[in-house]
Amino acid sequence: MDLAPRRILGRTGLSVSPIGFGGFKIGRNQGIKYDSAYDLPSEEAAEILLNAVLDLGIDLVDTAPAYGLSEERIGRTLATRRSEFTLTSKVGETWKDGVGHFDFSATAIDASLDRSLRRLRTDRIDVVFVHSDGNDLEIIERGDTLDTLVRRRDAGDIGAIGFSGKTVPGHQAAIATGVVDCLMVEYHSMDESQRVIIDQAAAADIGVLVKKGLASGRLRPEEAIPHCLTPIGVASVVIGSLTPGHLASNLDIARRACGQGGRDPQAGS
């Protein structure tokens, strides 16, 4: 299989494919920001899709408790293939009865992590992101959330600490903590406000994953994916899909983008 070079995720020690699989659509279709509605895949369809993700060479799988059935489906299907991919999930938001609930207390973070580990059928999540509600600075300054993640990292339950925020000041504060290893930022041609964060993270050796790189389906992958992968420091663009064909096409676009101009400067060994 002719894969694009894997890209280094900052100081985490991980290297990942330039396209990551976002698990939102396999678990939830309520409260969505996509232009078009969609049906949740059946259990069989979700299993076929998840196995296809790894078979294609996409080795980054991202999910969250707020993604409905996503964690459970990933755990059921991919637990036996756990060594083949980097697994990321989140804390801070849960989804129940069609409503998102935010809680960043130490008790809630511990409970969320324990639940995610059970659902994902693993003893370690490679990167756990804080799933911010937009009050980025308040979450960071209060301290409970990051202190809890540091404790769970030291216990071996998670590999690295991430922050998935919404504001430039919030991401700058996350970088300044010294304990955040990775950021997840929205970045695309319709909103480049986080470009300064991508550059500052790269300078601090903090990994960056791009979320909503296709602007929730409003941008063409042919233009959007190369745009997202251009900044030094971006390791991967996390994209959700319900068909292996779309994922294969996105990976092919990323492969060509990474190969432009010779060896990818962000490639792992």
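The values are calculated or read from the model by the stated rules, or taken from the named source; none is laboratory data. All values reported here derive from a predicted model rather than from experimental measurement. Glycine gets a Cβ as well: all are built from the backbone with ideal geometry, and neighbour counts include every protein chain shown. The protein model used for the area step is the full one, side chains on, heavy atoms only, and it has no ligands, DNA or RNA in it. Shrake-Rupley method; radii C 1.70, N 1.55, O 1.52, S 1.80 Å.
Values as computed for the structure displayed
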read-out: For the chain, share of DSSP beta bridges that run antiparallel, in % to the nearest 5; value: 20 percent
read-out: Mean accessible surface per residue for the chain, computed with a 1.4 Å probe while every protein chain stays in place, in Å²; value: 42 Å²
read-out: FRET efficiency, Val179 to Arg121 (Cβ-Cβ, R0 25 Å, nearest 0.05); value: 0.35
read-out: Bins of 10 Å, starting at 0 and running to the largest distance - Cα pair percent for segment 76-168; value: 16, 49, 29, 6
read-out: J(HN,Hα) series, segment 115-122, from Karplus relation 6.51 cos²θ - 1.76 cosθ + 1.60, nearest Hz, glycine and proline x; value: 5, 5, 4, 5, 5, 7, 6, 9
read-out: Computed [θ] at 222 nm, deg cm²/dmol, the chain (DSSP H ≥ 4; -39,500 (n - 2.57); rounded to nearest 500); value: -11500 deg cm²/dmol
read-out: Range of Cα positions in the chain per principal axis (Å), largest first; value: 45, 43, 35
read-out: Apportionment of accessible area to carbon and sulfur, segment 1-110, percent (1.4 Å); value: 48 percent
read-out: Sequence-distant residues sharing a close amide H with Met184 (under 5 Å, placed H); value: Phe163, Ser164, Gly165, Leu209
read-out: Distant alpha-carbon pairs in segment 1-72 (separation over 20 angstrom), percent; value: 39 percent
read-out: Net charge over other residues, Cβ less than 14 angstrom from the Cβ of His188 (K, R count +1; D, E count -1); value: +1
read-out: Residues Arg218 and Asn29, FRET efficiency given R0 of 25 Å [Cβ-Cβ distance, rounded to 0.05]; value: 0.90
read-out: Lys166, Lys25, Lys33, ranked by accessible area, largest first (probe 1.4 Å); value: Lys33, Lys166, Lys25
read-out: Within the accessible area of segment 141-214 (1.4 Å probe), percent carbon and sulfur; value: 48 percent
read-out: Segment 54-210 - convex hull of alpha carbons, volume per residue in Å³; value: 123 Å³
read-out: Cut-off of 10 Å, at most 16 other beta carbons, DSSP loop: longest stretch of the chain lacking such chymotrypsin sites (Phe, Trp or Tyr not before Pro); value: 39-269
